[in-house]
Amino acid sequence: MKWVNAAVLLWAVACGRAAGAATLVLQTIVAPLATTEGSSHVAVTGGTHVPASPSYDYLARHWSAMVARLGLQPHFDLVRAGFYPPGGGEIRAEVRPWTRPAPALVLEKRGALVELVGTSGAREPAKGKGDMARRQADAARERLWEARRLESRWQIVDMAASSPGSFLLLEALFENGRAALGLLGERGLRAEILGDRAARRLLRLLGDEEAAVDPLLADQLAVPLAIGRGGGRVATSQVTAHLQTVAGLVSLFGLGARTWGRRGGPGGLEVDAW
C-alpha cells in the first residue's frame, strides 16, 4: 500500500487560486496510480466545490461510475467540503490496481432515460434561513415535473465544511450513457433559484437525444481511455475547446485520439486501442 501526498500537485494546478480544484488533481493522478502494483491512498486538500471544475459529487458519483466500465475503480471519501473561494476541503482516495487492457468504451447512443437522480448539499452560514439543501432540491424537482412530468430521486446532504456554501448535482441515467451537471450556490442567490436553474439546464441537455454523455464527462474520459489501452468512442452534445485540446495532448504521446463534429456543436471523442 502506498500513501501519496498530493499537496504539491494541487499547488501546481491551483495556479494561485485560493481554492484550487482538488478534484482535477485526483482525475489527473488516479489512472496512472492504478497502473502500479498494490493499492495507493491519496489525500488532497483544497477546493472540493469550485467554479469551472467537477465537484466532489460529480467525481465520486458520475465520473467514477463511467470509468468503472473500464475496470478503473477508485474509491473517494469527502472528509471536509471546501467551497470557493476559501477552499480548505479534503478528499481521500483509495486507488486499486487496474487490469489492462481495459474493455473498449463505445457510447454513441444513450438509449432511453432510466432515472433522474439529484444530490443537494449545503453548509449554511450561522445566520442562514435554514433548510437550504432541501429548498434547492424541491425547486429542481418541481421544475422537472412541471416541464416534462419527469420524476426524480433525491439525496439531501448536510455536509461538514470549512466555510458556508451549497451545491446541487443532477444526474440523468440512460440505458447506455449518462449525463450530469452541477451548480454551486452564490452569495445573494436564493436556493429556489439555484434549483430551478439546474433543472432548466438539465432539460436542455435531455433535449439532445444523440448525446451519450455530457460535454464535461467527454473530455474527462480521454486520459482513462488512453491509459486503459482499450480505446473507445464517445458521443456528446457539444465539442468544447477543452475536449479538442485534451485529444491533441493525448496524441502528442503517440496515441491516436481525435474529435469529430464542429466546435460548439454535437460530436465526440475517439481514442484508439493500443
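Can you find a residue in segment 118-139 that is of a type in the set (Ser, Thr, Tyr), outside any strand (DSSP E or B) and outside the structural domain of LEU216 (by TED's automatic domain parsing)? No, segment 118-139 contains no residue that is of a type in the set (Ser, Thr, Tyr), outside any strand (DSSP E or B) and outside the structural domain of LEU216 (by TED's automatic domain parsing).
Among VAL30, VAL8, which is assigned to a helix (DSSP H, G or I) and at pLDDT below 95? Before you say what the answer is, go through the steps one by one.
On the way: VAL30 fails: at pLDDT below 95.
Selected residue: VAL8, the only one of VAL30, VAL8 that is assigned to a helix (DSSP H, G or I) and at pLDDT below 95.
For first residues located in segment 233-261 and at negative phi and free of Cβ contacts under 8 Å to residues at least 60 places away in the same chain, partners that are charged (D, E, K, R) and in a helix (DSSP H, G or I) and lie 6+ apart or on another chain with Cβ distances below 7 Å form the pairs THR240/ASP219; HIS242/ASP219; LEU243/ASP219; VAL246/ASP219. Among the conditions (1) of a type in the set (Asp, Glu); (2) closer than 29 Å to ASP208 by Cβ; (3) surrounded by fewer than 14 Cβ atoms within 10 Å (Cβ to Cβ), the only one that ASP57 does not satisfy is (3). Filtered by the rule that a residue be closer than 20 Å to ARG204 by Cα and more than 19 Å from the chain's Cα centre (by Cα), segment 225-274 gives GLY261, ARG262, ARG263, GLY264, GLY265, PRO266, GLY267.
Answer yes or no as to whether ALA211 is crowded, with 21+ Cβ neighbours inside 10 Å, in contact with a Gly (Cβ under 8 Å, 6 or more places away or on another chain) and more than 29 Å from PRO85 (Cβ to Cβ). It would help to see each step written out before you state the result.
On the way: crowded, with 21+ Cβ neighbours inside 10 Å: yes; in contact with a Gly (Cβ under 8 Å, 6 or more places away or on another chain): yes; more than 29 Å from PRO85 (Cβ to Cβ): yes.
So ALA211 fits the description; yes.
State yes or no: is ALA199 buried (at least 23 other Cβ atoms within 10 Å of the Cβ) and closer than 29 Å to THR28 by Cβ? No: the conditions fail for ALA199. Restricted to helices (runs of 4 or more DSSP H) entirely inside segment 157-274, those with at least 1 residues that are of a type in the set (Val, Ile, Thr) are 191-206, 222-228, 241-252. Considering every residue within segment 38-45, establish whether at least one is under 23 Å from ARG233 (Cα atoms), of a type in the set (Ser, Thr, Tyr) and in contact with a Lys or Arg (Cβ under 8 Å, 6 or more places away or on another chain). For segment 38-45, residues under 23 Å from ARG233 (Cα atoms), of a type in the set (Ser, Thr, Tyr) and in contact with a Lys or Arg (Cβ under 8 Å, 6 or more places away or on another chain): absent. Only one of the numbered conditions (1) exposed (fewer than 15 other Cβ atoms within 10 Å of the Cβ); (2) free of Cβ contacts under 8 Å to residues at least 60 places away in the same chain is violated by VAL44, and that is (1). If you go through segment 230-245 and keep only what is more than 12 Å from TRP260 (Cα to Cα) and surrounded by 23 or more Cβ atoms within 10 Å (Cβ to Cβ), you end up with just GLY232.
Hey, any hits in segment 94-112 for a residue that's within 22 Å of ILE156 (Cα to Cα) and outside any loop (DSSP other than H, G, I, E, B)?
At the first step, the residues of segment 94-112 found to be within 22 Å of ILE156 (Cα to Cα) are none.
Within segment 94-112, none of the residues are within 22 Å of ILE156 (Cα to Cα) and outside any loop (DSSP other than H, G, I, E, B).
Within segment 143-163, one or more residues are among the β-branched types (Val, Ile, Thr), in contact with a Ser or Thr (Cβ under 9 Å, 6 or more places away or on another chain) and over 18 Å from VAL50 (Cβ atoms).
Listed here are the residues, each with its yes/no results for (1) in contact with a Leu (Cβ under 6 Å, 6 or more places away or on another chain); (2) in the same structural domain as GLY264 (by TED's automatic domain parsing); (3) at pLDDT below 95.
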{"position": "LEU150", "(1), (2), (3)": "yes, no, no"}
{"position": "VAL157", "(1), (2), (3)": "no, no, yes"}
{"position": "LEU168", "(1), (2), (3)": "yes, no, no"}
{"position": "GLU171", "(1), (2), (3)": "no, no, no"}
{"position": "GLY188", "(1), (2), (3)": "no, no, yes"}
{"position": "GLN220", "(1), (2), (3)": "no, yes, no"}
{"position": "THR240", "(1), (2), (3)": "no, yes, no"}
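Per-residue answers, yes or no, for (1) in contact with an Asp or Glu (Cβ under 9 Å, 6 or more places away or on another chain); (2) crowded, with 22+ Cβ neighbours inside 10 Å; (3) modelled with pLDDT of 95 or more:
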position	(1), (2), (3)
LEU72	no, yes, yes
HIS75	yes, no, yes
ARG80	yes, no, yes
PRO86	no, no, no
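Among the residues here, ALA43 does not qualify as outside the structural domain of ALA241 (by TED's automatic domain parsing), of a type in the set (A, V, I, L, M, F, W, C) and out of contact with any strand residue (DSSP E or B) (no Cβ under 9 Å at 6 or more places or on another chain).
The values are calculated or read from the model by the stated rules, or taken from the named source; none is laboratory data. Here the structure is a predicted model, which is why all the values come from computation and not from measurement. Because the Cβ atoms are built from the backbone with ideal geometry, glycine has one as well, and the counts that use them run over all protein chains shown.
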